[in-house]
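Heads up: the structure comes next, in structure tokens.
The values are calculated or read from the model by the stated rules, or taken from the named source; none is laboratory data. These numbers come from a predicted model, not from an experiment. With ideal geometry, Cβ positions are generated from the backbone for all residues, glycine too; neighbour counts draw on all protein chains shown.
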Amino acid sequence: MSIDLLEETALAMVAAGKGIIAIDESNSTIKKRFDAVGIECTEENRRAYRELLLATPNLSDHISGAILFDETLRQSTRDGVPFTKLMLDNGILPGIKVDRGPQPLAGFPGEVVTEGLDGLRDRLAEYARLGARFAKWRAVINIGEDYPTSTGIDANSHALARYAALCQEAGIVPMVEPEVIMDGSHDIDTCFDVTEATLRSLFDAMYKHNVMLEGSILKASMVLSGKDCEDQAGVDEVAEATLRCLKSTVPASLPGIVFLSGGQSDRAATEHLNAMNVIGGNPWPLSFSYGRAMQSAALQLWSQDIHGNVAAAQKIVAQRARENGLAALGRWTADLAG
Ligand code: 13P
């Protein structure tokens, strides 16, 4: 696969003012989200919900791509149009989650390593045939009293680098996601140190595995205070710490960085992204690949009437896309909040 095509896809994913909508919840994760709002987790409800999101009018004004779960990549609209066709016709790049989730790392209590490398070459070839242009793998880095260890971080980086190399072999852009989890009472400095060590390890592993950075996208977590930390860092502190951390660890040849929302409120996710782009002067575009911060308000409304509230829920999706698209340009202001 030529690097030009990978680079073209990667650049399109982070086109100015556009980001990614992450709708790649596994069936067990979407069940938790549906349970929370009282929707039965049937295949048809999952399909209908994903159709609502993907068919949002003018979604591509601020969304360049969507990450899907395996089941969704194979589904169609009610009228029989494959989701991948709907997306490509509407200028949205299809992405696919290819990892098989985190499992406890033997010998390292509290730490996990993401599985899914076995058979990945064949799965990627099929995903490419089905129309996937990029693929996501999420590593989970937990923060506790005596972890993460360098062994835990390096095990995850090794898996990310091997998955990324396999993606590029298949002509698919890897979206490498090392998520430093915000659960815990740690302070922002601890999050900074863990994120810095994680990104250093990741880019070292990608270099050793011959991954072409020009054809890769980083999906990063922001540098934040732990959820239960008494001293919560403000918007400017988060923006400044995240940029300082990324600038010292992420090569400038990477086409772009997108952030996950990771349990932040919708407002905080947008404000943090905007603040980073207001500071500016970065070697890469900084955009979003939000799951919860793109969907939660729309899911809440849809759940109240899954037949009658489709258009109203789509309006909320469009609104969140617009706000985050403006934040990716540093042009979001509080009066725009829905
Ligand atoms: P959140 O934005 O809800 O964290 O989801 C993004 C994602 O894809 C996590 O892997």
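Within segment 206-231, residues that are under 21 Å from D154 (Cβ atoms) reach partners that are of a type in the set (S, T, Y) and surrounded by fewer than 24 Cβ atoms within 10 Å (Cβ to Cβ) with beta carbons closer than 7 Å, at six or more positions or on different chains, in the pairs L213/S253. Remark: A233 falls outside the filter, which requires a residue to be assigned to a helix (DSSP H, G or I) and small (G, A, S). All of (1) touching a strand residue (DSSP E or B) at 6+ places or on another chain (Cβ under 9 Å); (2) touching a residue at least 12 places away in the same chain (Cβ under 8 Å) hold for P104 with one exception: (2).
Yes/no per residue for (1) out of contact with any Asp or Glu (no Cβ under 6 Å at 6 or more places or on another chain); (2) acidic (D, E); (3) more than 16 Å from the ligand (Cβ to nearest atom):
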| residue | (1), (2), (3) |
| --- | --- |
| G262 | yes, no, no |
| E271 | yes, yes, no |
| S287 | yes, no, no |
| S303 | yes, no, yes |
| I306 | yes, no, yes |
| R320 | yes, no, no |
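Taking the listed residues R129, R46, R74, the one that is more than 30 Å from L202 (Cβ to Cβ), at pLDDT 95 or above and surrounded by fewer than 16 Cβ atoms within 10 Å (Cβ to Cβ) is R74, with no other qualifying. Residues that are buried (at least 20 other Cβ atoms within 10 Å of the Cβ) and either in contact (Cβ under 8 Å) with a residue 60 or more places away in the chain or away from the ligand (no atom under 16 Å from the Cβ) (or both) within segment 140-154 comprise I143, P148, G152, I153, listed in sequence order. Number of residues in segment 171-214 that are surrounded by 21 or more Cβ atoms within 10 Å (Cβ to Cβ), of a type in the set (G, A, S) and either closer than 22 Å to S2 by Cβ or at pLDDT below 95 (or both): the value is 0.
Residues of segment 162-196 that are part of a helix (DSSP H, G or I), over 30 Å from A128 (Cα atoms) and within 20 Å of the chain's Cα centre (by Cα): C191, F192, V194, T195, E196. Go through (1) touching a residue at least 40 places away in the same chain (Cβ under 8 Å); (2) of a type outside the set (S, T, N, Q); (3) within 15 Å of the ligand (Cβ to nearest atom) one by one and return the number of the condition A36 breaks. Of (1) touching a residue at least 40 places away in the same chain (Cβ under 8 Å); (2) of a type outside the set (S, T, N, Q); (3) within 15 Å of the ligand (Cβ to nearest atom), only one is false for A36: (1). For segment 129-154, a residue qualifies if it is among the small types (G, A, S), at negative phi and outside any strand (DSSP E or B), and the qualifying residues are A132, S150, G152. Determine if segment 176-186 includes at least one residue that is of a type in the set (A, V, I, L, M), within 16 Å of the ligand (Cβ to nearest atom) and touching a residue at least 60 places away in the same chain (Cβ under 8 Å). Yes, segment 176-186 contains a residue that is of a type in the set (A, V, I, L, M), within 16 Å of the ligand (Cβ to nearest atom) and touching a residue at least 60 places away in the same chain (Cβ under 8 Å). The set of residues in segment 60-84 that are among the small types (G, A, S) and away from the ligand (no atom under 16 Å from the Cβ) comprises S60, S76, G80.
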